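The structure under discussion appears below in the form of structure tokens.
The values are calculated or read from the model by the stated rules, or taken from the named source; none is laboratory data. Everything numeric here is computed off the predicted structure, so don't read it as measured data. No Cβ is skipped: glycine too gets one built from the backbone with ideal geometry, and neighbour counts run over all protein chains shown. Protein only, heavy atoms only, side chains kept; ligands, DNA and RNA dropped before computing areas. Shrake-Rupley method; radii C 1.70, N 1.55, O 1.52, S 1.80 Å.
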Amino acid sequence: MATVEEYLSQIKDLTIVPPVLLSVLSLDDDNELSFGELEKKVQSDQVLVARLLKLANSPFFSRGNPVANMKQVITRLGFKTVRSMVAMSMTDSLFSQGNYKKFRDEVWDHSVAKGIFAQILCEEKKFKKEAELAITCGLMQDLGRIVLNTIDRTKYVEVLTEFQTSDVSLISLEKKFFGVDSYEMGSAAAKLWKMPNIIISSIEDLSKPVTEQSALGQIIGFAGVIAKLTGHGKQEPGTTEKFEEYKQILNLEIEDQKVFLTAKDEKLKTNELYQFCSTL
């Protein structure tokens with residue numbers, strides 16, 4: 001089987017991640033300069049512009065006042081919300097590659113739910129700066145799966161098929177079929193495409209014990225567990241134990257797991273960004 005380096009050589013000339021997405025992810029905090037840069041970068045993709053205009057004029061956000069251009073969209077929705085929407089819009093197309101439902105249902109739905117749950121957790125813990133990063137990092141944590149799916153879609157369908165019909169973890173099956181797993185593949189690809197360090201770090205957190213993950217990595221990791229326990233992605237052996245481990249390390253007082261999960265899932269379903277994803 002091929003090594004990570006050999007797989008990287010296969011994808012280095014492929015435009016797997018759109019340049020617009022890479023440039024938008026690299027923008028700094030919400031300020032006048034980044035506001036203008038975001039508008040300029042989004043304008044270069046008219047399909048994306050049309051999608052964001054449609055959203056800004058939807059009942060979720062319009063409040064009866066239509067907008068006609070990206071400057072008005074960013075003013076109405078805010079820099080961070082628009083950047084998150086750009087990430088969701090463009091990663092949606094990445095997860096859709098291959099034209100089969102299995103990959104999208106298992107990986108995309110889990111990634112979106114994980115990112116939004118992470119944002120909700122950050123907001124509850126008053127981590128304002130990390131809240132917006134949580135969505136994009138949650139989405140991009142599954143970059144390695146997109147890469148493996150791009151390299152050999154037929155083989156990745158086999159991975160998902162066996163995953164759905166067995167008790168073997170997805171990461172173990174990736175290793176069995178490809179010789180590498182999505183964690184190491186995602187980290188290597190993120191470095192190849194010079195993604196922001198925060199995204200690279202969040203991908204690398206996936207392969208670390210909970211106690212060695214970054215603070216943001218622990219929140220995203222817990223969000224991923226919540227996503228699986230609420231039906232967004234298949235539960236794997238040890239998911240409930242992971243829930244308890246994250247709960248303790250994040251110092252969360254959760255008396256009733258079922259009540260906690262139901263409340264979080266209700267928040268997810270009424271979340272504007274999650275509703276936005278349903279329109280993609």
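Structure above, values below:
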read-out: FRET E, pair Lys194, Gln10, Förster distance 30 Å, beta-carbon r, rounded to 0.05; value: 0.95
read-out: Cα-only Debye scattering, region 1-80: base-10 log of I(q)/I(0) at q = 0.17 Å⁻¹; value: -0.73
read-out: Accessible surface of region 163-270 [probe 1.4 Å, protein heavy atoms]: carbon and sulfur percent; value: 50 percent
read-out: Computed magnitude of the charge dipole of region 133-240 (debye, nearest 20; Cβ of K, R +1, Cβ of D, E -1); value: 220 debye
read-out: Per residue accessible area in Å² of the chain, where ligands, DNA and RNA are left out and the probe is 1.4 Å; value: 46 Å²
read-out: All-pairs Cα distance distribution in region 141-264, expressed in whole percent, bin size 10 Å; value: 12, 39, 35, 13, 1
read-out: Helix-only mean residue ellipticity at 222 nm for the chain, each DSSP H run of n ≥ 4 adding -39500 (n - 2.57), per residue, nearest 500; value: -20000 deg cm²/dmol
read-out: Cα-centre dipole for region 208-271 with unit charges at Cβ (Lys and Arg positive, Asp and Glu negative), debye to 20; value: 300 debye
read-out: Cα→Cβ-extended label distance, 7 Å offset, between Glu272 and Thr161, nm; value: 4.3 nm
read-out: Cα-based equivalent ellipsoid, the chain: semi-axes from gyration tensor eigenvalues, Å; value: 29, 24, 18
read-out: Rounded to the nearest 20 debye, dipole of the chain from Cβ charges on Lys, Arg, Asp, Glu; value: 880 debye
read-out: Sites excluded, trypsin sites (Lys or Arg not before Pro) in DSSP loops with at most 13 other C-beta within 10 Å, longest stretch of the chain; value: 195-280
